[in-house]
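Data block below; observations after.
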Amino acid sequence: MTRRTFRLTRTGLAVGAAGAAVLLVATPAAADGPTPAPAEATLTKAGTSFLTAAAVHIDQPVRVSAATGEYLYWSFPAQAGQTSSIAATVTLADPATRSGASTWTIDVFDGLRRRQPCTAGMQAPVGSATDRQVQAGCVLRQVRAWAEPWSADPLPGTYYVRLSVTDLPEQDLGLPVQVELRVSADVSGDTSPEGGRLEAPLTPTVRQGAVLTSAADGTDTADGTDTADAAGQVSEESWWDGVVGWFSGWLPGLTSRWIWTVAGGVLAAVGGVVGFGLTRRPRPRTGPAAAG
Amino acid sequence: MIIRRTAQAVLIGLLGVIILPGTPPAGADETTENLRMQLVLDVSGSMREPDMNGQTRMAVAQRAFNEVVDAVPAGTDLGIRVLGATYPGDDKALGCQDTQQIVPVGPVDRDQAKAAIASLRPTGFTPIGLALREAAKDLGSGETARRIVLITDGEDTCAPPDPCDVARELAAQGTRLIVDTLGLTLDDKVRQQLVCIAGATGGTYTTAQSADQLADRINQLVDRAQDTYTQTPELVTGSTDCTAAPLLAAGVYTDRERFEEHRWYRVPIRADQELRASVSIALDRPVNRDYGILLRAVHPNGRELVRGTDAGSGRTDVLSTGLRWSAGPEDDRTDGTDQADGTDRADDTDGTADLAGTPSAAVPTAAGVEPPPAEVCLVVSNSFAAAGAAGDAPGMPIELTVDLVAASPTPESPGLGRGWLLLIVLSLAGLVTGVLAGWLTRWWTTVWKES
């Protein structure tokens, strides 16, 4: 084998490796963007409290008639990596029957009823006495996969939207309004940049509580199913489950970091080959195919 | 850029498999009780006014009621009560006792209900307070929420008692009661009174200017109630300190809290569990403009674990906040079990010794006996202040949600990297290594050739 062909083979190998890497990351590109929700029927309901909030799906149109001064609640699900935006249009009563400007406010709360700030959007627009419509909007922070219990970071789970009029002339209370609302979502970027995940989404319980008599039966009844499940798993656990468990505990989950790191390794290998090639003495360029 | 986008695509594809966090399940508890609802209609003399597109208010209300009776869904116990329907005289004492139930609360007999509605003639006084009291009695007590829809065109002519105070008092009695109000005039005093009644019970106020509006609104209220009437919290009474506080399991509770009062609750929790609590306080009376709420999780020994707080100003229905807490690192956890064990106060010195550097903090658990679950105290406080004549009794309604779920451990630093900088660094490192390896090879080849 001549030196030249050897070199060609080497370059080919490097290019092949790089190509394989590109293929590796490019193959599942068919799944593009968040899974589009099927076209859904318009929701014509709204709740009047956290407990009775009407569940709305992402991109599901909402259209309800309501009274000025009502507090309207909806809830929607959010997953890690999701940036939700809420857009609401309030069609006000006939200006002839109204007496002044009104401020409409979108408040967003997480599953623990903690207030969530808006990063963009007119959260509290003012409709003047002559306006027919008021547009309100709110873009939330990106939902994180995990956060310390002490932080107020947005986490996966249920989110509540409350639309209400927060400032108005008292005599305008009770007038009919039409409310349209839509929650849209954009899932992009790394869904868990710092690793970690929330064991249970922030989905509030709605079942009736029970006052306990002793602490011992408290934790049993509180999640009796959980403990039963855990016990079952422990008793049936084989050595293979143990190995899998150990690895899944030690290895990070399926995140984009795997792709970045593997791509980095491939690039390093290619870099090594190229660097090695650079130290070979360049061939004299005097004659065609001088190498023999 | 391409790599980034495809990386995201891969990730999204993978994540699609993971179950999405859902919305709260509706009506977790099965109940056999029907929705119980009562329409309370004002049939006082003022209903004769022909100011609704030429029709009298009474005619409009009758037409709307007929539509509502036709549209009532199965499984609804609907009753109708009237006020001011029979006594035509001037004696206030008699006129203010004038309220009757014309359709008993139960499955609706449409013909009988329509006949009763058709027979109504505008007559007497407007004893709203009494009618509300009687309506609450008609609905009875039970597990699920009760709804009253009050339709009137005039303010109460029988105060005292002020119907708004009556509503607040009724709402504070055990069974959850919501009063929605519908005003048939745009009169200021009527509106203020109805807004007050609705606000006191967490209901809504609407004006209706036509039979269609009235019927649509009542139907909407029936629909809403149908969806949600089973979601009622358990009644609990918080205490003034932690030791005597009621022990709560996961679920939704309701209580009443006066201005600047503190209410304590206890939640038993295992070391591998995370406590989630949220609280809402409803503004059922006029309060000063600025206000706040504070929910704290406190260790039984008095140490604050975490707090949730919110403040606001102006018009709102509820003010709410929440918190998460789980026993994190090991030392924190054994601290908790020490106290829960109820061991003597001498372990104060043990505690300081541990802090001073004794390596094994897990000594109390080493006995192999599972320690009893620690308790976390929750305390709800508020900074509301009464505006005007509104007293602080009964307290403002609190809704407390307690949940215990598996704790989410703190993630270790991820062993993998990410980003363009990583790729550049790795490529450069590879390149440098390749060059060095090449030079070494050349040097070694030269040495080998010479020797």
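Six or more apart or on different chains, Cβ under 7 Å: which pairs go from a residue in region B:275-297 that's of a type in the set (Val, Ile, Thr) to one that's surrounded by fewer than 19 Cβ atoms within 10 Å (Cβ to Cβ)? Could you list them?
Within 7 Å, the pairs are B:Val287/B:Ala385; B:Val287/B:Ala386; B:Val287/B:Ala387; B:Ile293/B:Thr309.
Just checking, does region B:109-118 include any residue being within 29 Å of the chain's Cα centre (by Cα), buried (at least 21 other Cβ atoms within 10 Å of the Cβ) and of a type in the set (Val, Ile, Thr)? Step through it out loud before you land on a result.
Taking region B:109-118 as the starting set, the residues that turn out to be within 29 Å of the chain's Cα centre (by Cα) are none.
Looking through region B:109-118, none of the residues is within 29 Å of the chain's Cα centre (by Cα), buried (at least 21 other Cβ atoms within 10 Å of the Cβ) and of a type in the set (Val, Ile, Thr).
Quick check on my filter: what residues within region A:135-151 are of a type outside the set (Val, Ile, Thr) and surrounded by fewer than 20 Cβ atoms within 10 Å (Cβ to Cβ)? Don't jump to the end; show me each part of the working.
Taking region A:135-151 and keeping what is of a type outside the set (Val, Ile, Thr), we get A:135-138, A:140-142, A:144-151.
Passing the criteria: A:Gln135, A:Gly137, A:Arg141, A:Ala147, A:Glu148, A:Pro149, A:Trp150, A:Ser151.
Here's a check for you: in region B:389-412, which residue that is within 14 Å of chain A (Cβ to nearest Cβ) and assigned to a loop (DSSP other than H, G, I, E, B) is surrounded by the fewest Cβ atoms within 10 Å (Cβ to Cβ)?
The initial filter retains those residues of region B:389-412 that are within 14 Å of chain A (Cβ to nearest Cβ), namely B:397-412.
Checking which are assigned to a loop (DSSP other than H, G, I, E, B) leaves us with B:407-412.
Values: B:Ala407: 21, B:Ser408: 20, B:Pro409: 14, B:Thr410: 13, B:Pro411: 15, B:Glu412: 11.
Taking the candidates together, the pick is B:Glu412.
Yes or no: B:Ala131 free of Cβ contacts under 8 Å to residues at least 60 places away in the same chain, in the same structural domain as B:Met47 (by TED's automatic domain parsing) and not charged (D, E, K, R)?
Details: free of Cβ contacts under 8 Å to residues at least 60 places away in the same chain: no; in the same structural domain as B:Met47 (by TED's automatic domain parsing): yes; not charged (D, E, K, R): yes.
Taking the combined requirement at face value, the residue does not satisfy it.
For A:Ser214, state whether it is modelled with pLDDT of 65 or more, more than 7 Å from chain B (Cβ to nearest Cβ) and closer than 30 Å to B:Pro246 by Cβ.
Working: modelled with pLDDT of 65 or more: yes; more than 7 Å from chain B (Cβ to nearest Cβ): yes; closer than 30 Å to B:Pro246 by Cβ: yes.
Considered against the rule, which asks whether it is modelled with pLDDT of 65 or more, more than 7 Å from chain B (Cβ to nearest Cβ) and closer than 30 Å to B:Pro246 by Cβ, A:Ser214 comes out as yes.
Hey, among the residues in region B:414-427 that are in a helix (DSSP H, G or I) and facing chain A (nearest Cβ under 7 Å), which one's nearest to A:Leu267 (Cα to Cα)?
Of all residues in region B:414-427, those in a helix (DSSP H, G or I) come to B:420-427.
Then drop every residue that is not facing chain A (nearest Cβ under 7 Å), which leaves B:422-423, B:426-427.
On the way: B:Leu422: 10, B:Leu423: 7, B:Leu426: 7, B:Ser427: 5 Å.
The residue in question is B:Ser427.
Condition test on B:Ser280, is it within 11 Å of chain A (Cβ to nearest Cβ) and surrounded by 23 or more Cβ atoms within 10 Å (Cβ to Cβ)?
Numbers: within 11 Å of chain A (Cβ to nearest Cβ): yes; surrounded by 23 or more Cβ atoms within 10 Å (Cβ to Cβ): yes.
It is true that B:Ser280 is within 11 Å of chain A (Cβ to nearest Cβ) and surrounded by 23 or more Cβ atoms within 10 Å (Cβ to Cβ).
Inspect region B:201-219 for any residue being within 11 Å of another protein chain (Cβ to nearest Cβ), surrounded by fewer than 23 Cβ atoms within 10 Å (Cβ to Cβ) and in contact with a Gly (Cβ under 7 Å, 6 or more places away or on another chain) and give the result as yes or no.
Looking for residues that are within 11 Å of another protein chain (Cβ to nearest Cβ), surrounded by fewer than 23 Cβ atoms within 10 Å (Cβ to Cβ) and in contact with a Gly (Cβ under 7 Å, 6 or more places away or on another chain), one finds none in region B:201-219, hence no.
When you look at A:Ala136, is it more than 9 Å from chain B (Cβ to nearest Cβ), part of a strand (DSSP E or B) and at pLDDT 90 or above, yes or no?
On the way: more than 9 Å from chain B (Cβ to nearest Cβ): yes; part of a strand (DSSP E or B): yes; at pLDDT 90 or above: yes.
When the stated conditions are applied, A:Ala136 passes them.
Going by the conditions given, is B:Glu370 at pLDDT 50 or above and within 14 Å of another protein chain (Cβ to nearest Cβ)? Before you say what the answer is, go through the steps one by one.
Values: at pLDDT 50 or above: no; within 14 Å of another protein chain (Cβ to nearest Cβ): yes.
No: the conditions fail for B:Glu370.
Would you please name the residue that is farthest from B:Ala282 (Cα to Cα), looking only at residues in region A:58-67 that are facing another protein chain (nearest Cβ under 9 Å) and aliphatic (A, V, I, L, M)?
Of region A:58-67, the ones facing another protein chain (nearest Cβ under 9 Å) are A:64-67.
After this cut, where a residue has to be aliphatic (A, V, I, L, M) as well, the list is A:64, A:66-67.
Numbers: A:Val64: 24, A:Ala66: 20, A:Ala67: 19 Å.
Checked region A:58-67; the qualifying residue farthest from B:Ala282 (Cα to Cα) is A:Val64.
Condition test on A:Thr203, is it in contact with a Ser or Thr (Cβ under 9 Å, 6 or more places away or on another chain), at pLDDT 85 or above and of a type in the set (Val, Ile, Thr)? I'd like the intermediate steps shown before the answer.
On the way: in contact with a Ser or Thr (Cβ under 9 Å, 6 or more places away or on another chain): yes; at pLDDT 85 or above: yes; of a type in the set (Val, Ile, Thr): yes.
So A:Thr203 passes the test.
So B:Gly199 clears everything in (1) more than 20 Å from B:Arg258 (Cβ to Cβ); (2) modelled with pLDDT under 90 except one condition, right? Which one?
It fails just one condition, (1).
Give me the pairs: first residue in region B:229-257 and facing chain A (nearest Cβ under 7 Å), second residue basic (Lys, Arg), beta-carbon distance under 6 Å, and six or more apart or on different chains, which are they?
B:Thr232/B:Arg176; B:Leu247/B:Arg266; B:Gly251/A:Arg207
Among (1) free of Cβ contacts under 8 Å to residues at least 12 places away in the same chain; (2) crowded, with 22+ Cβ neighbours inside 10 Å, there is one condition B:Asp188 misses while meeting the rest; what is its number?
Going through (1) free of Cβ contacts under 8 Å to residues at least 12 places away in the same chain; (2) crowded, with 22+ Cβ neighbours inside 10 Å one by one, B:Asp188 breaks only (2).
Can you tell me which residue among B:Cys164, B:Cys158 is closer than 23 Å to B:Lys92 by Cα, crowded, with 18+ Cβ neighbours inside 10 Å and in contact (Cβ under 8 Å) with a residue 60 or more places away in the chain? First the steps, then the outcome.
Details: B:Cys164 fails: in contact (Cβ under 8 Å) with a residue 60 or more places away in the chain.
B:Cys158 is the lone residue from the list that is closer than 23 Å to B:Lys92 by Cα, crowded, with 18+ Cβ neighbours inside 10 Å and in contact (Cβ under 8 Å) with a residue 60 or more places away in the chain.
Restricting attention to region A:163-174, does a residue exist that is crowded, with 17+ Cβ neighbours inside 10 Å and away from every other protein chain (no Cβ under 12 Å)?
Scanning region A:163-174 turns up no residue that is crowded, with 17+ Cβ neighbours inside 10 Å and away from every other protein chain (no Cβ under 12 Å).
So if I check each of A:Ala93, A:Ala101, A:Ala55, A:Ala120, which one is farther than 14 Å from A:Leu140 by Cα, without any contact (Cβ under 8 Å) to a residue 40 or more places away in the chain and either more than 8 Å from every other protein chain (Cβ to nearest Cβ) or surrounded by fewer than 23 Cβ atoms within 10 Å (Cβ to Cβ) (or both)? So that I can check it myself, show each step before the final result.
Details: A:Ala93 fails: without any contact (Cβ under 8 Å) to a residue 40 or more places away in the chain; A:Ala101 fails: without any contact (Cβ under 8 Å) to a residue 40 or more places away in the chain; A:Ala120 fails: farther than 14 Å from A:Leu140 by Cα.
Answer to the selection: A:Ala55.
The values are calculated or read from the model by the stated rules, or taken from the named source; none is laboratory data. Just so we're clear, the structure is a prediction, and the values are computed from it rather than from any experiment. So basically every Cβ, Gly included, is an ideal-geometry build from the backbone, and we count neighbours across all protein chains shown.
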